[in-house]
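**Q** The structure's right below; bear with me while I get my questions together.
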Ligand code: 5CA
(Lines give C-alpha, C1' and ligand atoms only; values in the text may rest on other atoms or scores of the structure.)
Protein backbone atom coordinates (compact mmCIF):
# COMPACT_ATOMS: atom_id res chain seq x y z
CA UNK A 1 0.00 0.00 0.00
CA UNK A 2 1.24 3.48 -0.90
CA UNK A 3 0.56 5.99 1.85
CA UNK A 4 -0.22 8.67 -0.75
CA UNK A 5 -3.23 6.57 -1.83
CA UNK A 6 -4.17 5.18 1.58
CA UNK A 7 -6.61 6.54 4.16
CA UNK A 8 -4.65 7.15 7.35
CA UNK A 9 -6.01 10.18 9.19
CA UNK A 10 -3.37 10.49 11.95
CA UNK A 11 -3.75 13.15 14.63
CA UNK A 12 -0.90 15.11 16.20
CA UNK A 13 -2.61 15.22 19.54
CA UNK A 14 -5.02 12.94 21.30
CA UNK A 15 -8.53 14.29 21.90
CA UNK A 16 -8.82 15.35 25.55
CA UNK A 17 -11.58 12.87 26.39
CA UNK A 18 -9.31 9.88 25.71
CA UNK A 19 -7.96 8.93 29.13
CA UNK A 20 -5.84 5.84 28.61
CA UNK A 21 -2.91 5.17 26.28
CA UNK A 22 -4.62 2.63 24.05
CA UNK A 23 -7.61 4.88 23.40
CA UNK A 24 -5.40 7.89 22.70
CA UNK A 25 -3.12 5.91 20.39
CA UNK A 26 -5.95 4.28 18.44
CA UNK A 27 -7.43 7.72 17.76
CA UNK A 28 -4.08 9.31 16.95
CA UNK A 29 -3.05 6.45 14.66
CA UNK A 30 -6.25 6.83 12.64
CA UNK A 31 -7.55 3.37 13.55
CA UNK A 32 -11.02 4.21 14.82
CA UNK A 33 -13.45 7.07 14.86
CA UNK A 34 -16.22 7.50 17.40
CA UNK A 35 -19.63 7.84 15.74
CA UNK A 36 -21.68 7.85 18.96
CA UNK A 37 -20.90 7.05 22.61
CA UNK A 38 -19.26 3.61 22.60
CA UNK A 39 -19.87 3.13 18.85
CA UNK A 40 -16.89 3.26 16.50
CA UNK A 41 -16.14 3.22 12.82
CA UNK A 42 -13.15 1.00 12.08
CA UNK A 43 -10.84 2.93 9.80
CA UNK A 44 -8.59 0.99 7.40
CA UNK A 45 -5.58 0.62 9.72
CA UNK A 46 -7.73 -0.44 12.67
CA UNK A 47 -9.69 -2.88 10.53
CA UNK A 48 -6.50 -4.62 9.41
CA UNK A 49 -5.59 -5.34 13.04
CA UNK A 50 -9.14 -6.34 13.95
CA UNK A 51 -9.14 -8.83 11.06
CA UNK A 52 -5.80 -10.31 12.12
CA UNK A 53 -6.95 -10.79 15.70
CA UNK A 54 -10.19 -12.34 14.50
CA UNK A 55 -8.25 -14.75 12.29
CA UNK A 56 -6.02 -15.92 15.16
CA UNK A 57 -9.10 -16.52 17.31
CA UNK A 58 -10.72 -18.42 14.45
CA UNK A 59 -7.67 -20.63 13.87
CA UNK A 60 -7.43 -21.56 17.54
CA UNK A 61 -11.17 -22.30 17.77
CA UNK A 62 -10.98 -24.52 14.68
CA UNK A 63 -7.92 -26.29 16.07
CA UNK A 64 -9.82 -27.08 19.28
CA UNK A 65 -12.70 -28.60 17.31
CA UNK A 66 -15.19 -25.73 17.34
CA UNK A 67 -17.26 -25.14 14.18
CA UNK A 68 -17.90 -21.69 12.74
CA UNK A 69 -21.31 -20.39 11.71
CA UNK A 70 -22.79 -16.91 11.64
CA UNK A 71 -25.88 -15.86 13.52
CA UNK A 72 -27.64 -12.52 12.91
CA UNK A 73 -27.26 -9.44 15.11
CA UNK A 74 -31.05 -9.06 15.43
CA UNK A 75 -33.01 -11.60 17.45
CA UNK A 76 -36.66 -12.13 18.29
CA UNK A 77 -37.73 -11.11 21.79
CA UNK A 78 -39.89 -14.24 21.97
CA UNK A 79 -36.80 -16.42 21.85
CA UNK A 80 -35.49 -14.68 24.96
CA UNK A 81 -38.86 -15.09 26.64
CA UNK A 82 -38.37 -18.85 26.38
CA UNK A 83 -35.29 -18.71 28.59
CA UNK A 84 -36.75 -16.05 30.85
CA UNK A 85 -33.93 -13.62 30.10
CA UNK A 86 -35.92 -11.03 28.11
CA UNK A 87 -37.05 -9.17 31.19
CA UNK A 88 -34.09 -10.18 33.36
CA UNK A 89 -31.51 -8.58 31.05
CA UNK A 90 -32.60 -5.04 31.86
CA UNK A 91 -31.61 -1.70 30.30
CA UNK A 92 -28.39 -3.01 28.74
CA UNK A 93 -30.47 -4.65 26.04
CA UNK A 94 -31.30 -2.60 22.97
CA UNK A 95 -34.93 -3.36 22.16
CA UNK A 96 -36.28 -2.67 18.68
CA UNK A 97 -39.74 -2.89 17.10
CA UNK A 98 -40.16 -3.62 13.39
CA UNK A 99 -42.93 -2.36 11.05
CA UNK A 100 -45.16 -5.26 12.06
CA UNK A 101 -44.83 -4.26 15.73
CA UNK A 102 -42.76 -7.39 16.26
CA UNK A 103 -40.34 -7.09 19.15
CA UNK A 104 -36.69 -7.59 18.32
CA UNK A 105 -33.43 -6.95 20.08
CA UNK A 106 -29.84 -6.36 19.02
CA UNK A 107 -28.06 -9.40 20.45
CA UNK A 108 -25.86 -8.84 23.51
CA UNK A 109 -24.99 -12.59 23.43
CA UNK A 110 -26.40 -15.68 21.71
CA UNK A 111 -27.19 -18.51 24.15
CA UNK A 112 -30.87 -18.57 23.20
CA UNK A 113 -30.37 -18.43 19.45
CA UNK A 114 -27.72 -21.11 19.31
CA UNK A 115 -29.86 -23.35 21.52
CA UNK A 116 -32.74 -22.86 19.08
CA UNK A 117 -30.49 -23.80 16.13
CA UNK A 118 -29.21 -26.85 17.96
CA UNK A 119 -32.60 -28.17 19.06
CA UNK A 120 -34.01 -27.82 15.54
CA UNK A 121 -31.79 -30.60 14.23
CA UNK A 122 -29.87 -32.53 16.85
CA UNK A 123 -31.75 -35.46 18.35
CA UNK A 124 -29.24 -38.04 19.53
CA UNK A 125 -26.30 -38.30 21.90
CA UNK A 126 -24.43 -39.75 18.92
CA UNK A 127 -24.18 -36.23 17.47
CA UNK A 128 -22.41 -34.94 20.59
CA UNK A 129 -20.18 -33.25 21.55
CA UNK A 130 -20.68 -30.14 19.39
CA UNK A 131 -19.23 -26.68 19.74
CA UNK A 132 -20.61 -23.92 17.50
CA UNK A 133 -19.10 -20.45 17.36
CA UNK A 134 -19.29 -17.19 15.50
CA UNK A 135 -17.55 -13.83 15.45
CA UNK A 136 -20.27 -11.21 15.41
CA UNK A 137 -21.07 -7.67 16.55
CA UNK A 138 -22.87 -7.34 19.84
CA UNK A 139 -24.68 -4.44 21.41
CA UNK A 140 -24.87 -3.73 25.12
CA UNK A 141 -26.17 -0.37 26.24
CA UNK A 142 -23.42 -0.02 28.85
CA UNK A 143 -24.03 2.52 31.58
CA UNK A 144 -20.50 3.86 31.18
CA UNK A 145 -19.02 3.18 27.76
CA UNK A 146 -15.40 4.29 28.07
CA UNK A 147 -11.75 3.81 27.18
CA UNK A 148 -12.53 3.50 23.47
CA UNK A 149 -12.93 -0.08 22.31
CA UNK A 150 -12.31 -1.44 25.83
CA UNK A 151 -15.87 -0.85 26.93
CA UNK A 152 -17.89 -0.11 23.85
CA UNK A 153 -21.63 -0.37 23.33
CA UNK A 154 -21.19 -2.02 19.94
CA UNK A 155 -18.27 -4.46 20.02
CA UNK A 156 -16.99 -7.55 18.25
CA UNK A 157 -17.06 -10.81 20.17
CA UNK A 158 -16.18 -14.40 19.42
CA UNK A 159 -18.74 -16.53 21.20
CA UNK A 160 -18.67 -20.31 21.21
CA UNK A 161 -21.31 -22.65 22.63
CA UNK A 162 -20.77 -26.28 23.61
CA UNK A 163 -23.32 -29.08 23.80
CA UNK A 164 -22.70 -32.35 25.65
CA UNK A 165 -24.67 -35.32 26.90
CA UNK A 166 -23.47 -35.19 30.48
CA UNK A 167 -21.50 -33.19 33.00
CA UNK A 168 -18.31 -35.12 32.32
CA UNK A 169 -18.50 -34.31 28.61
CA UNK A 170 -19.30 -30.68 29.39
CA UNK A 171 -16.18 -30.47 31.54
CA UNK A 172 -14.09 -31.78 28.64
CA UNK A 173 -15.59 -29.18 26.31
CA UNK A 174 -14.85 -26.49 28.90
CA UNK A 175 -11.27 -27.69 29.20
CA UNK A 176 -10.77 -27.60 25.41
CA UNK A 177 -11.79 -23.95 25.35
CA UNK A 178 -9.69 -23.18 28.44
CA UNK A 179 -6.59 -24.56 26.74
CA UNK A 180 -7.40 -22.97 23.36
CA UNK A 181 -7.68 -19.60 25.12
CA UNK A 182 -4.23 -19.96 26.68
CA UNK A 183 -2.81 -20.45 23.19
CA UNK A 184 -4.73 -17.76 21.38
CA UNK A 185 -3.75 -14.92 23.70
CA UNK A 186 -0.12 -16.03 23.64
CA UNK A 187 -0.16 -15.81 19.83
CA UNK A 188 -1.02 -12.13 20.19
CA UNK A 189 1.90 -11.54 22.54
CA UNK A 190 -0.35 -11.34 25.61
CA UNK A 191 0.00 -12.96 29.01
CA UNK A 192 -3.58 -13.74 29.96
CA UNK A 193 -4.23 -15.38 33.33
CA UNK A 194 -7.36 -17.50 33.88
CA UNK A 195 -9.10 -16.46 37.10
CA UNK A 196 -12.16 -17.72 38.93
CA UNK A 197 -14.99 -15.39 38.04
CA UNK A 198 -18.57 -14.46 38.74
CA UNK A 199 -21.10 -15.57 36.12
CA UNK A 200 -23.48 -12.57 36.10
CA UNK A 201 -26.36 -12.65 33.62
CA UNK A 202 -24.97 -15.66 31.69
CA UNK A 203 -25.31 -18.00 34.69
CA UNK A 204 -23.78 -21.28 35.87
CA UNK A 205 -21.31 -22.14 38.59
CA UNK A 206 -18.03 -22.81 36.79
CA UNK A 207 -16.45 -19.80 35.16
CA UNK A 208 -13.07 -18.24 34.40
CA UNK A 209 -12.16 -14.82 33.15
CA UNK A 210 -8.94 -14.44 31.16
CA UNK A 211 -7.18 -11.37 32.45
CA UNK A 212 -4.33 -9.31 31.01
CA UNK A 213 -2.65 -7.35 33.77
CA UNK A 214 -2.61 -3.59 33.15
CA UNK A 215 -2.71 -0.59 35.44
CA UNK A 216 -5.55 0.85 33.42
CA UNK A 217 -7.62 -2.34 33.66
CA UNK A 218 -11.18 -2.07 34.93
CA UNK A 219 -11.07 -5.15 37.17
CA UNK A 220 -9.26 -5.62 40.47
CA UNK A 221 -7.64 -9.07 40.48
CA UNK A 222 -5.66 -11.26 42.85
CA UNK A 223 -3.36 -14.14 41.95
CA UNK A 224 -0.20 -16.13 42.53
CA UNK A 225 2.51 -14.40 40.56
CA UNK A 226 3.80 -17.63 38.95
CA UNK A 227 0.63 -17.77 36.84
CA UNK A 228 1.64 -14.68 34.89
CA UNK A 229 4.82 -16.24 33.48
CA UNK A 230 3.43 -19.71 32.69
CA UNK A 231 4.02 -20.76 29.09
CA UNK A 232 1.02 -21.66 26.92
CA UNK A 233 0.51 -25.40 26.19
CA UNK A 234 1.09 -24.87 22.43
CA UNK A 235 -0.74 -26.23 19.41
CA UNK A 236 0.49 -29.75 19.94
CA UNK A 237 -2.08 -30.90 22.49
CA UNK A 238 -4.31 -33.92 22.23
CA UNK A 239 -7.63 -32.05 22.04
CA UNK A 240 -9.83 -35.05 22.66
CA UNK A 241 -7.46 -36.59 25.22
CA UNK A 242 -7.22 -35.70 28.91
CA UNK A 243 -6.69 -31.94 29.22
CA UNK A 244 -7.50 -31.86 32.94
CA UNK A 245 -3.81 -31.85 34.04
CA UNK A 246 -3.15 -28.76 31.87
CA UNK A 247 -6.13 -27.00 33.40
CA UNK A 248 -5.28 -28.14 36.94
CA UNK A 249 -1.76 -26.78 36.57
CA UNK A 250 -3.30 -23.30 36.21
CA UNK A 251 -6.21 -23.61 38.57
CA UNK A 252 -4.20 -25.13 41.45
CA UNK A 253 -2.67 -21.72 42.13
CA UNK A 254 -4.88 -18.95 43.49
CA UNK A 255 -6.35 -16.52 40.96
CA UNK A 256 -9.65 -14.68 41.32
CA UNK A 257 -11.42 -11.52 40.28
CA UNK A 258 -12.73 -9.12 42.91
CA UNK A 259 -16.22 -10.67 42.98
CA UNK A 260 -14.81 -14.13 43.75
CA UNK A 261 -11.93 -13.00 45.94
CA UNK A 262 -11.26 -15.01 49.11
CA UNK A 263 -9.01 -12.99 51.38
CA UNK A 264 -8.06 -15.98 53.56
CA UNK A 265 -7.02 -18.12 50.58
CA UNK A 266 -5.01 -15.21 49.17
CA UNK A 267 -3.27 -14.63 52.51
CA UNK A 268 -2.21 -18.28 52.55
CA UNK A 269 0.12 -17.56 49.57
CA UNK A 270 3.67 -16.60 50.66
CA UNK A 271 3.76 -12.81 50.71
CA UNK A 272 6.39 -12.46 47.97
CA UNK A 273 4.25 -14.51 45.57
CA UNK A 274 1.03 -12.52 46.02
CA UNK A 275 -0.03 -10.28 43.18
CA UNK A 276 -2.80 -7.79 43.71
CA UNK A 277 -3.25 -5.84 40.51
CA UNK A 278 -5.62 -4.47 37.93
CA UNK A 279 -6.51 -6.28 34.74
CA UNK A 280 -8.40 -6.26 31.45
CA UNK A 281 -10.92 -9.05 30.90
CA UNK A 282 -10.18 -10.31 27.39
CA UNK A 283 -12.25 -13.48 27.62
CA UNK A 284 -14.79 -15.22 29.79
CA UNK A 285 -15.86 -18.86 29.77
CA UNK A 286 -18.89 -20.39 31.44
CA UNK A 287 -20.32 -23.81 32.16
CA UNK A 288 -24.01 -23.60 32.99
CA UNK A 289 -25.43 -27.09 32.61
CA UNK A 290 -29.08 -27.04 31.54
CA UNK A 291 -29.88 -23.39 32.29
CA UNK A 292 -30.97 -22.79 28.67
CA UNK A 293 -31.49 -26.30 27.34
CA UNK A 294 -34.11 -27.18 29.95
CA UNK A 295 -36.55 -24.26 29.51
CA UNK A 296 -35.92 -24.25 25.74
CA UNK A 297 -36.31 -28.03 25.45
CA UNK A 298 -32.99 -28.75 23.75
CA UNK A 299 -33.10 -32.48 24.45
CA UNK A 300 -31.32 -35.45 22.96
CA UNK A 301 -31.93 -39.16 23.19
CA UNK A 302 -29.37 -40.75 25.51
CA UNK A 303 -27.84 -44.23 25.05
CA UNK A 304 -30.50 -45.60 27.40
CA UNK A 305 -33.28 -44.35 25.11
CA UNK A 306 -34.33 -41.59 27.51
CA UNK A 307 -34.48 -37.92 26.56
CA UNK A 308 -32.23 -35.54 28.47
CA UNK A 309 -31.59 -31.82 28.30
CA UNK A 310 -28.08 -31.16 26.95
CA UNK A 311 -25.30 -29.72 29.09
CA UNK A 312 -24.05 -26.41 27.76
CA UNK A 313 -21.27 -23.88 28.15
CA UNK A 314 -20.40 -20.59 26.47
CA UNK A 315 -17.05 -19.07 25.73
CA UNK A 316 -16.46 -15.43 24.85
CA UNK A 317 -13.44 -13.52 23.54
CA UNK A 318 -13.54 -9.72 23.35
CA UNK A 319 -12.14 -9.40 19.82
CA UNK A 320 -12.40 -5.60 19.52
CA UNK A 321 -11.37 -5.12 23.17
CA UNK A 322 -8.19 -7.06 22.41
CA UNK A 323 -6.82 -4.18 20.32
CA UNK A 324 -6.94 -1.97 23.40
CA UNK A 325 -5.44 -4.69 25.60
CA UNK A 326 -2.56 -5.33 23.20
CA UNK A 327 -1.75 -1.62 22.96
CA UNK A 328 -1.90 -1.19 26.74
CA UNK A 329 0.63 -4.03 26.99
CA UNK A 330 2.83 -2.84 24.14
CA UNK A 331 3.52 0.86 23.51
CA UNK A 332 6.06 3.58 24.34
CA UNK A 333 6.13 7.37 24.22
CA UNK A 334 6.44 7.26 20.42
CA UNK A 335 3.33 5.17 19.86
CA UNK A 336 2.13 1.61 19.39
CA UNK A 337 4.48 -1.40 19.15
CA UNK A 338 2.52 -4.15 17.37
CA UNK A 339 3.48 -7.78 17.91
CA UNK A 340 4.24 -9.18 14.45
CA UNK A 341 1.27 -11.55 14.54
CA UNK A 342 -1.33 -8.75 14.59
CA UNK A 343 0.52 -5.82 12.99
CA UNK A 344 -1.49 -3.99 10.31
CA UNK A 345 1.58 -4.09 8.01
CA UNK A 346 4.82 -5.96 8.60
CA UNK A 347 7.09 -3.18 7.37
CA UNK A 348 6.92 0.51 6.52
CA UNK A 349 9.20 2.02 3.88
CA UNK A 350 10.31 5.56 4.71
CA UNK A 351 11.51 7.54 1.71
CA UNK A 352 13.60 10.32 3.28
CA UNK A 353 13.79 12.33 0.08
CA UNK A 354 10.76 11.84 -2.10
CA UNK A 355 11.50 13.05 -5.63
CA UNK A 356 15.18 12.15 -5.48
CA UNK A 357 15.69 9.69 -8.32
CA UNK A 358 18.04 7.39 -6.40
CA UNK A 359 15.85 7.29 -3.26
CA UNK A 360 12.65 6.81 -5.26
CA UNK A 361 14.31 4.05 -7.26
CA UNK A 362 15.48 2.15 -4.18
CA UNK A 363 12.06 2.52 -2.51
CA UNK A 364 10.18 1.33 -5.56
CA UNK A 365 12.48 -1.67 -5.84
CA UNK A 366 11.99 -2.52 -2.17
CA UNK A 367 8.23 -2.04 -2.41
CA UNK A 368 7.98 -4.34 -5.42
CA UNK A 369 10.22 -7.04 -3.98
CA UNK A 370 8.39 -7.11 -0.64
CA UNK A 371 4.99 -7.20 -2.27
CA UNK A 372 6.12 -9.99 -4.58
CA UNK A 373 7.24 -11.96 -1.52
CA UNK A 374 3.81 -11.54 0.08
CA UNK A 375 4.98 -9.18 2.82
CA UNK A 376 2.41 -6.58 3.95
CA UNK A 377 4.13 -3.28 3.29
CA UNK A 378 3.15 0.35 3.69
CA UNK A 379 5.28 2.71 1.59
CA UNK A 380 5.42 6.29 2.80
CA UNK A 381 5.77 7.95 -0.61
CA UNK A 382 4.34 11.28 0.53
CA UNK A 383 6.38 14.46 0.42
CA UNK A 384 6.27 14.96 4.19
CA UNK A 385 9.63 15.63 5.86
CA UNK A 386 11.75 12.78 7.21
CA UNK A 387 11.05 13.68 10.84
CA UNK A 388 7.29 13.65 10.31
CA UNK A 389 7.51 10.31 8.49
CA UNK A 390 9.44 8.78 11.39
CA UNK A 391 6.90 10.07 13.88
CA UNK A 392 4.04 8.53 11.91
CA UNK A 393 5.83 5.19 11.56
CA UNK A 394 6.57 5.08 15.29
CA UNK A 395 2.98 6.05 16.09
CA UNK A 396 1.37 3.33 13.97
CA UNK A 397 3.84 0.81 15.34
CA UNK A 398 4.76 -1.44 12.39
CA UNK A 399 7.38 -3.99 13.53
CA UNK A 400 9.96 -2.89 10.91
CA UNK A 401 10.92 0.39 9.25
CA UNK A 402 12.97 0.34 6.08
CA UNK A 403 14.60 3.75 5.81
CA UNK A 404 15.94 4.99 2.50
CA UNK A 405 18.02 8.20 2.52
CA UNK A 406 20.26 9.87 -0.07
CA UNK A 407 23.50 9.31 1.84
CA UNK A 408 22.90 5.60 2.34
CA UNK A 409 21.72 5.05 -1.19
CA UNK A 410 24.92 6.73 -2.48
CA UNK A 411 26.87 4.21 -0.39
CA UNK A 412 24.69 1.33 -1.54
CA UNK A 413 22.87 0.74 1.77
CA UNK A 414 19.50 1.26 3.41
CA UNK A 415 18.61 1.13 7.08
CA UNK A 416 16.35 -1.36 8.81
CA UNK A 417 14.95 -0.34 12.19
CA UNK A 418 13.20 -2.61 14.64
CA UNK A 419 10.30 -0.69 16.20
CA UNK A 420 10.40 -2.64 19.45
CA UNK A 421 14.13 -2.59 20.25
CA UNK A 422 15.08 0.52 18.28
CA UNK A 423 18.02 -1.44 16.81
CA UNK A 424 19.15 -0.37 13.35
CA UNK A 425 21.28 -2.12 10.78
CA UNK A 426 22.70 -0.61 7.58
CA UNK A 427 22.90 -3.09 4.75
CA UNK A 428 22.50 -3.38 0.99
CA UNK A 429 18.85 -3.43 -0.04
CA UNK A 430 18.81 -7.08 -1.11
CA UNK A 431 20.17 -8.17 2.29
CA UNK A 432 17.44 -6.19 4.06
CA UNK A 433 14.79 -7.68 1.82
CA UNK A 434 16.19 -11.14 2.52
CA UNK A 435 15.86 -10.47 6.25
CA UNK A 436 12.27 -9.29 5.89
CA UNK A 437 11.18 -12.16 3.70
CA UNK A 438 13.13 -14.77 5.64
CA UNK A 439 15.02 -15.77 2.50
CA UNK A 440 18.76 -15.65 1.81
CA UNK A 441 20.05 -12.71 -0.27
CA UNK A 442 20.47 -13.50 -3.97
N1 LIG B 1 -22.12 -15.42 26.25
C2 LIG B 1 -20.95 -15.22 27.07
C3 LIG B 1 -19.77 -15.95 26.56
S4 LIG B 1 -19.83 -16.29 24.88
C5 LIG B 1 -20.67 -13.74 27.21
O6 LIG B 1 -21.32 -12.92 26.64
N7 LIG B 1 -19.65 -13.43 28.01
S8 LIG B 1 -19.19 -11.99 28.44
O9 LIG B 1 -20.28 -11.16 28.77
O10 LIG B 1 -18.22 -12.14 29.47
O11 LIG B 1 -18.47 -11.33 27.20
C12 LIG B 1 -17.37 -11.99 26.59
C13 LIG B 1 -16.22 -11.03 26.37
O14 LIG B 1 -16.64 -9.93 25.58
C15 LIG B 1 -15.70 -10.38 27.65
O16 LIG B 1 -14.77 -11.22 28.29
C17 LIG B 1 -15.04 -9.12 27.12
O18 LIG B 1 -13.72 -9.40 26.69
C19 LIG B 1 -15.90 -8.78 25.92
N20 LIG B 1 -16.83 -7.67 26.25
C21 LIG B 1 -17.91 -7.71 27.06
N22 LIG B 1 -18.51 -6.51 27.13
C23 LIG B 1 -17.78 -5.68 26.34
C24 LIG B 1 -17.89 -4.29 25.98
N25 LIG B 1 -18.87 -3.54 26.45
N26 LIG B 1 -16.96 -3.77 25.13
C27 LIG B 1 -15.97 -4.54 24.65
N28 LIG B 1 -15.83 -5.85 24.93
C29 LIG B 1 -16.71 -6.41 25.77
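**Q** Return yes or no: is residue 195 at pLDDT 95 or above, more than 24 Å from residue 240 (Cα to Cα) and either near the ligand (Cβ under 10 Å from one of its atoms) or in the same structural domain as residue 41 (by TED's automatic domain parsing) (or both)? First the steps, then the outcome.
**A** Details: at pLDDT 95 or above: yes; more than 24 Å from residue 240 (Cα to Cα): no; either near the ligand (Cβ under 10 Å from one of its atoms) or in the same structural domain as residue 41 (by TED's automatic domain parsing) (or both): yes.
No; evaluated as a whole, the condition is false for this residue.
**Q** With the structure loaded, tell me whether residue 237 is surrounded by 17 or more Cβ atoms within 10 Å (Cβ to Cβ), under 30 Å from residue 113 (Cα atoms) and away from the ligand (no atom under 16 Å from the Cβ) or whether it fails that test.
**A** Values: surrounded by 17 or more Cβ atoms within 10 Å (Cβ to Cβ): yes; under 30 Å from residue 113 (Cα atoms): no; away from the ligand (no atom under 16 Å from the Cβ): yes.
Answer is no for this residue.
**Q** Sticking with this structure for a sec: For region 178-185, indicate whether the set of residues that are out of contact with any strand residue (DSSP E or B) (no Cβ under 6 Å at 6 or more places or on another chain), away from the ligand (no atom under 16 Å from the Cβ) and within 22 Å of residue 53 (Cα to Cα) is non-empty.
**A** Going residue by residue through region 178-185, those that are out of contact with any strand residue (DSSP E or B) (no Cβ under 6 Å at 6 or more places or on another chain) are 178-180, 182-184.
Checking which are away from the ligand (no atom under 16 Å from the Cβ) leaves us with 179, 183.
Next cut, within 22 Å of residue 53 (Cα to Cα) only: 179, 183.
Yes - at least one qualifying residue is present in region 178-185.
**Q** Kindly evaluate residue 150 against the criterion of being within 21 Å of residue 292 (Cα to Cα) and within 10 Å of the ligand (Cβ to nearest atom).
**A** Details: within 21 Å of residue 292 (Cα to Cα): no; within 10 Å of the ligand (Cβ to nearest atom): yes.
Considered against the rule, which asks whether it is within 21 Å of residue 292 (Cα to Cα) and within 10 Å of the ligand (Cβ to nearest atom), residue 150 comes out as no.
**Q** Quick one: residue 263 ticks every box in (1) over 28 Å from residue 420 (Cα atoms); (2) within 15 Å of the ligand (Cβ to nearest atom) bar one, so which box is it?
**A** For residue 263, the failing item is (2).
**Q** Of everything in region 30-58, what is part of a helix (DSSP H, G or I) and free of Cβ contacts under 8 Å to residues at least 40 places away in the same chain? Give them in sequence order. So that I can check it myself, show each step before the final result.
**A** Looking only at region 30-58, we keep the residues that are part of a helix (DSSP H, G or I), and these are 44-58.
Selection gives 44, 47, 51, 55.
**Q** To continue, here is another question. Output the qualifying pairs, or none if there are none: Cβ atoms under 6 angstrom, residues six or more apart or on different chains, first residue in region 153-179 and within 13 Å of residue 293 (Cα to Cα), second residue assigned to a helix (DSSP H, G or I) and away from the ligand (no atom under 16 Å from the Cβ).
**A** Pairs found: 165/125.
The values are calculated or read from the model by the stated rules, or taken from the named source; none is laboratory data. Owing to the predicted nature of the structure, the values given are computational and were not obtained by experimental measurement. Here Cβ is always computed from backbone atoms with ideal geometry, including for glycine, and neighbour counts include all displayed protein chains.
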